[in-house]
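Notes for the one structure printed next.
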Amino acid sequence: MLRDRAALCWTAGLIALALIAPFVLYPVFLMQALCWALFACAFDLLLGYVGLLSFGHAAFFGGAAYITAYTVKAWGLPPELGILAGVAVAAAMGAVFGWLAIRRQGIYFAMITLAFAQMVYFFAVEAPFTGGEDGIQAVPRGHLLGLISLNHPLTMYYFVLAMFLIGFGIIARAIDSPFGQVLKAIRENEPRAISLGYRVDQYKILAFVLSAALAGLAGSTKALVFQFAALSDVDWPTSGDVVLMTLIGGVGTSLGPVLGAFIIMAMENYLAQTGSWVTIIEGIIFVLCVLTFRRGIVGVIGPYLTFRRSPAETPGTTPTNAETSLAPPA
Amino acid sequence: MFSFLHVAMPPLPLFLAQLLVGLINGGFYAILSLGLAIIFGLLNIINFAHGALYMLGAFCAWFLLSWLGISYWAALLIAPVAVGLVGMAIERLFLRRIARLDHLYGLLLTFGLALVIDGVFRQLYGSSGMPYSIPAELQGATDLGFMFLPNYRAWVIVASFAVCAVTWFVIERTRIGALLRAATENPELVRAFGINVPRLVTLTYGAGAALAAFAGVLAAPIYQVSPLMGVNIITVVFAVVVIGGMGSILGAVISGFALGVIEGMTKVFWPEASTTVIFVIMALVLLVKPAGLFGRAG
Amino acid sequence: MKRLTVLSAFAAALLLSAGAHAQIKGNTVKIGVLTDMSSLYADLGGPGSVAAAKMAVADFGGTVNGKKIEVVGADHQNKPDIGAAIARQWFDTQGVDMITDLTTSSVALAVQEVARQRNKVILITGAASSDLTGKNCAPTSVHWEYDTTALANGTGAAVVKAGGKTWFFITADYAFGHSLQNDTAAVVKASGGKVVGSVNVPLNTADFSSYLLQAQASKAQIVGLANAGGDTINSIKQAAEYGIVKGGQKLAGLLLFITDVHSLGLQTAQGLELTGSFYWNQTPETRAWSKKFYAVMHKEPTMVQAGVYSSVMHYLQAVKATNSVDGPTVMKYLKSRPINDFLIHHGHIEASGSLVHDMYLYEVKKPSESKGPWDLYKLIATIPSAVAYKLPHGNQCPLVKG
């Protein structure tokens, strides 16, 4: 069981890093990056394991952020219930959008999700409770379970970390389960999965709902971190950002999206003073990733790092599928 | 906000005027979605950079006028050629390398290119945009009785109809068009006949880019020549193409004009929703007729 | 364990992001210019605002009570969440003492919340919404330059007085647009005018034909443009095309900057009336200051950029006098005395944080009257501070006793 032990080392090392990080780095930055990391992981569940590229995930991220911000601020819900409300709404939206969108694949799927996200954006602009382009501001962080105040940056950080680990754990568990195996089978060969008797559509909807709910968890948490829900959370560039994060980190590599999120967030932080250079550099990274680096950072260096190198995981003998399909086999 | 219920039926002249205005906007949608459709037909990619190429066309006209003193009419020819060449370079340098991959990579690559082009122009020219005046020949307006139609807008309708008609003619009635259609159906077979398919692909992308640039020049005198003009229009044009049926020439043109009109009507009854109505229609069409109104099933 | 490589990649990514936050609060006074560097309002604020802040620091002598003065700039991209995040980071980790510019009302409102929690000074020169000193007012924030109230009192009242009794509004469909429309409509009604209709237009609309036709059909004498930036430019440009002005109606740009007029060209913009607090070619003092600005930026300053210089100068004087960067201390000093300089005339800061001062009504020149590319306005009237900032319904700010 070398692999399990390796995975354990991995997890332990990263969690240790995450625990000490706020003493070295600005906690708000870390919280922001963790929220985006969870968002990217949720997105990758759909892209990397079902092979569906959604161009409208901002709808769930931002939609949940609005619900949490509103319920916490206007109704005075405690943070955990506010987040729960956000996740529930995101999941419900995911069920409706998913049910409609999974009828199509590839570019059509991307376009339908984009269309739905634009509708949610419109709703966010027009609905009275969202505050238009001002967003919902000054959202109180409140007391967790009525006891622990989240106003201190460190407390909030560990709360966010916990949210991230829960979300990440759910994704990891889902991928390793029989459910995850079926998803991969659908990605690799949908007709065969159908002929094997799997109700492919139900699996896809379930994956879509899960992905939407976790994207919602990320958005809800972000709303509490920044005490803010804003239009840019539901706008389509947010959907583009999450694609970029996943792509640069590695599609279908559970840790890739996390790394990608940290890189993009760090870059946006660094280059905030330089005007549109952020856009230009992001564009260049996009192009480079697609042209030469399609498996992303973790996708490329990951296979070097396993204990026993199975031929399939060794670079150079990578199966051809990884080169042509958007979602390389895990 | 949600006040559309209170809006009374507009009087007939205003109604006719709105119809005409919708048709003008539809002209832009039609030319842009036509280019997207041609590119999609042969390359199978959604060209996210189309908005950026449209913006390049408008800037090209502005460069020609303010640097070289070249008039609008010449720009209407030069800008599409120049941007067409840029398009061919993009195809050769980037898109060809990923031609054999999942087509979603094409979407992502062109998305990245659009970010770069928009970013560079924003860095260089800010975003409030450059003025470009209406050519002297087309200034002024004509009184149609029910409305005051600016002559330039009339020209936009004429020009966009003409461009769509010419493109349709080239594709349906000429040898190169026949090759294009054949290559869309079965590239291997066309190659077997000794046709240089890669060159055809390059030319096609160039032609799509040229159409976008033409729309850009057409837009320059009415809208501000601004780095943001492409970003603002691209998602709408996507929706138009999807509604028309991806890759369908006729579908792109008809739905371009039709959606311009529908959008125009929305601006009267529920102006706040005018940017969203197209997406609602797109979602409905995809659900009822997934291949689009004029697309082949598949 | 090669696995460590990936771990260290994560660590590297973390550290990479550390660089930006490593600076400690040192022996410096730090001024943040939070502005739109790349989008709609980059030309009226943006790099020009950063340059103006640096000019103020240089003119002040570079140090205050022996402490070095530093200027940092950042791009909020017109997104309130991004603006708030940068402000939070500046205050928390980079030792920024004061933030200025803050174009875009939504961003200013968001940053005001961040500043309120930390008792930090913000001097807003770029945003318009009167909510900043109304129901959202904060004790350590000053609305330095202009607001929707002043714009409405200026343009609204002047136009009605000149005979423009009936109004139709083309309004950008977001909080700023609505606030500008409501404030102006109140002034129009109070001055004896009437609002006959309005249409809400989504932000960043390219084509205004449809809305202009509605305005035309309304037969209103005045078409009020309650929008900003590219939206205003496009609506004015297209109004010329549809012969709105030739047909006997008049346009009133409710928020126009000199960069907008410059971009439109006089041929299109001539005759527009607008309210502002600064025009470079107004007095010998404004000319002298603008000349220095022009030497750096190669264009004439907008009122936002001039306001940044003015706000930084007064802030530094307050820091010098109180020998403190503590928000409430500095604010107490600023609120305790009149504010006057090349830009601000008859100014003082009210309890709500509104810097009340004279405003001006300008008219855009005809092409034949203009002597150069930036010779664009002529002064029509001075609106005294008491009139310009008069609130039609009183102030909802909790800081105002009454």
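Readers should treat all values here as calculations from the given coordinates under stated rules, not as data from a laboratory. A quick note: this is a predicted structure, and the numbers were derived from the prediction, not measured. Please note: Cβ atoms are built from the backbone with ideal geometry, for glycine as well, and neighbour counts cover all protein chains shown.
Under a crude label model (7 Å from the Cα following the beta-carbon direction), how far is C:ARG118 from B:TYR125 in nanometres?
3.8
Determine the distance separating the Cα centre of segment C:250-266 from the Cα centre of segment B:25-101; give it in Å without decimals.
31
Provide the net charge surrounding B:LEU228, with neighbours chosen by a C-beta distance below 13 Å and charges set as Lys +1, Arg +1, Asp -1, Glu -1.
Neighbourhood net charge equals -3.
Could you tell me the ratio Rg/Rh of segment A:1-160? Both radii from Cα atoms, Rh via Kirkwood.
1.02
Based on the Cα gyration tensor of segment B:23-110, what are the three equivalent ellipsoid semi-axes, each the root of five times an eigenvalue, rounded to whole Å and given largest first?
The equivalent ellipsoid of segment B:23-110 has semi-axes of 27, 16, 9 Å.
Magnitude of the Cβ-charge dipole of segment A:8-152, K/R +1 and D/E -1, about the Cα centre, nearest 20 debye?
200
What shape does segment A:1-55 have by the C-alpha gyration tensor, where a ≥ b ≥ c are the square roots of the eigenvalues, rounded means a/c under 1.5, and otherwise prolate means a/b greater than b/c and oblate the rest?
In terms of gyration-tensor shape, oblate.
At a temperature of 20 °C and a viscosity of 1.002 mPa s, determine how fast segment B:132-235 diffuses translationally according to Stokes-Einstein, using the Kirkwood radius over alpha-carbon pairs as Rh; express D in µm²/s, rounded to the nearest whole number.
The diffusion coefficient I find is 129 µm²/s.
Mind sorting A:GLU268, C:GLU273 by how few other Cβ atoms lie within 10 Å of their own Cβ, fewest first? Mind dumping the intermediate values first?
Details: A:GLU268 19, C:GLU273 22.
The fewest-first ordering by Cβ neighbours comes to A:GLU268, C:GLU273.
With the convex hull built on the Cα atoms of chain B, state its orientation-averaged projected area in nm². Provide the component values of the computation, followed by the final result.
Details: hull surface 68.0 nm².
Answer in nm², one decimal: 17.0.
Can you give the log10 of the normalised intensity I(q)/I(0) at q = 0.24 Å⁻¹, computed with Debye over equal Cα scatterers of segment C:304-371?
Once normalised to I(0) and log-transformed, intensities are -1.11.
For segment C:98-193, take every pair of Cα atoms, bin their distances at 10 Å starting from 0, and report each bin as a whole percent.
Percent of pairs per bin, in order: 17, 43, 26, 12, 2.
Please say if segment C:156-257 is rounded, prolate or oblate, where rounded means a/c under 1.5 for a ≥ b ≥ c the square roots of the C-alpha gyration tensor eigenvalues, and otherwise the choice is prolate for a/b larger than b/c and oblate otherwise?
Verdict is oblate for segment C:156-257.
For segment C:38-104, what is one quarter of the convex hull surface built on the Cα atoms, given in nm²?
In nm², the orientation-averaged hull projection of segment C:38-104 is 4.7.
How far is the Cα center of segment A:82-161 from the Cα center of segment B:116-191, in Å?
39
What's the local net charge at B:GLY264, with K and R +1, D and E -1, over the other residues with C-beta under 15 Å away?
-1
Given a cut-off of 21 Å, what percent of all Cα-Cα pairs of segment B:195-298 lie beyond it?
Above the 21 Å cut-off, segment B:195-298 has 45 percent of its Cα pairs.
So, in Å, what gap is there between the alpha-carbon centers of segment B:231-254 and segment C:306-382?
50
Given Cα pairs under 8 Å that are at least 6 residues apart, what percent is the relative contact order of chain A?
It rounds to 30 percent for chain A.
To the nearest 20 debye, what charge dipole does chain A have about its Cα centre, counting +1 at the Cβ of each Lys and Arg and -1 at the Cβ of each Asp and Glu?
Around 860 debye, computed over chain A.
What does DSSP give for the protein assembly as shown in terms of the percent of beta bridges that are antiparallel, rounded to the nearest 5? Intermediate values should be presented prior to the final figure.
Numbers: 22 of 60 bridges.
In the protein assembly as shown, DSSP labels about 35 percent of beta bridges as antiparallel.
Please report, in whole Å, how far the alpha carbons of the protein assembly as shown spread along each principal axis, starting with the longest.
For the protein assembly as shown, the Cα extents along the three principal axes come out at 81, 70, 52 Å.
Around C:THR329, under 13 Å between beta carbons, what's the net of Lys plus Arg minus Asp minus Glu among the other residues? Write out the running numbers ahead of the final one.
Working: positive: C:LYS120, C:LYS320, C:LYS332, C:LYS335; negative: C:ASP97, C:ASP326.
Net charge in that neighbourhood comes out at +2.
Which of A:ALA261, A:ALA230, A:ALA92 ends up with the largest GNM mean-square fluctuation for chain A, with Cα atoms connected below 10 Å?
A:ALA92
Sort C:THR171, B:THR202 by Cβ crowding within 10 Å, fewest neighbours at the top.
Ranked by crowding around the Cβ, least crowded first: B:THR202, C:THR171.
Can you compute the helix-only [θ] at 222 nm over chain C? Use -39500 (n - 2.57) per DSSP H run of at least 4 residues, normalise by all residues, nearest 500 deg cm²/dmol. Mind dumping the intermediate values first?
Numbers: 15 runs with 164 residues, N = 402.
So the calculated ellipticity at 222 nm is -12500 deg cm²/dmol.
Find the eigenvalues of the gyration tensor of the Cα atoms of segment A:150-254, then list the square roots of 5 times those eigenvalues as equivalent ellipsoid semi-axes, largest first, in whole angstrom.
So the equivalent ellipsoid measures 31, 16, 12 Å along its semi-axes.
Given the rule -39500 (n - 2.57) for each run of at least 4 DSSP H residues, summed and divided by the residues of chain A, what is its mean residue ellipticity at 222 nm, to the nearest 500 deg cm²/dmol? Before the final figure, lay out the partial values.
Values: 14 runs with 231 residues, N = 330.
Computed ellipticity for chain A at 222 nm equals -23500 deg cm²/dmol.
Evaluated at 4 °C with a viscosity of 1.567 mPa s, what Stokes-Einstein diffusion coefficient in µm²/s does chain A have when Rh comes from the Kirkwood expression over alpha-carbon pairs?
It comes out at roughly 64 µm²/s.
List every residue whose amide H lies under 5 Å from the amide H of C:LYS250, counting only residues 5 or more places away in sequence or on a different chain, with H placed 1.01 Å from N in the peptide plane.
C:ILE222, C:VAL223
Is segment B:245-298 best put as rounded, prolate or oblate by its Cα gyration tensor, with a ≥ b ≥ c the root eigenvalues, rounded for a/c under 1.5, and otherwise prolate when a/b is larger than b/c, oblate when not?
Note, shape of segment B:245-298 comes out oblate.
For chain C, what ratio Rg/Rh do Cα atoms give with a Kirkwood hydrodynamic radius?
Value, to two decimals: 1.00.
By how many nm would the segment from A:ALA95 to A:ILE166 grow when fully extended, if each residue of separation counts as 0.36 nm and the alpha-carbon distance is taken off?
Extra length from A:ALA95 to A:ILE166 when fully extended: 23.4 nm.
Can you pull the one-decimal nm distance between simple spin-label points at A:GLN181 and A:LEU288, each 7 Å off the Cα toward Cβ?
Computed distance between label sites A:GLN181 and A:LEU288 equals 4.0 nm.
Sort B:ASP102, C:ASP173, B:ASP118 so the one with the fewest other Cβ atoms within 10 Å of its own Cβ comes first.
If I rank by nearby Cβ atoms, fewest first, I get B:ASP102, C:ASP173, B:ASP118.
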